[in-house]
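First the structure, in the form of structure tokens, and then the observations on it.
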Amino acid sequence: MKYAVELYFDPETEEKMTSLARRVADEGLSTRFLEYGTRPHLTLACFNDVDESRCIRLLQQFAGTHGQLPAYIGSVGMFNDTRTIFAAPVMHSAMYRIQRELHECMAEFDTKGWEWYLPERWAPHCTLALAGDDGEEAFLKASELILRGFRKMAGRFVAVGLVKVTLPVEEVYTALLGQ
């Protein structure tokens, strides 16, 4: 089973991200992202397998020692090979630190094959559309729709969660940061 640890936004920022993703689906361009049923997030780490109860205990401790972080979402981007459209954060040192420290905390779990989620190789992004199966025209139209609808935003990262990477995504555990 594949797992991920995700960094979640405050409710207002989460709703703004969800609204962009919903617009793509409402226009009939791509529904795949919404089918996953996941919350808007940045993935901090991916694992090939974990001991869930052990991982939950580690995540509880981790969340308790890390406070909320500012979240500045400043641009839109895409991974052309997978036709993934995303909002990108403006990075700051606390974001790099929380991702690195999470990897240190979860070092006992296997991250092989997830190179873009490792410290020093992290490509943080908040997916808005997964148009890989929707054809070139749908990808281009979804990209334009998101580009036209996107506005810079400032919010907070308020929680971390462990999810099973399935369709739909299964939220296993979520902990508020700083509690």
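Just a few scattered comments:
- In Hz, Karplus ³J(HN,Hα) per residue of region 68-82 (6.51, -1.76, 1.60; θ = phi - 60°; x = Gly, Pro): 4, 10, x, 10, 10, 9, x, 7, 10, x, 8, 9, 5, 5, 9
- Residues with amide H under 5 Å from that of His66, placed H, sequence gap 5 or more: Gly178
- Here's the list of lysines a cross-link from Lys152 could span, going by alpha-carbon distance under 24 Å and ignoring same-chain residues fewer than 8 apart: Lys16, Lys141.
Where a number appears in this text, it was derived from the coordinates with a stated rule and is not lab data. Only a predicted model underlies this, so the values are computations on that prediction, with no experimental measurement involved.
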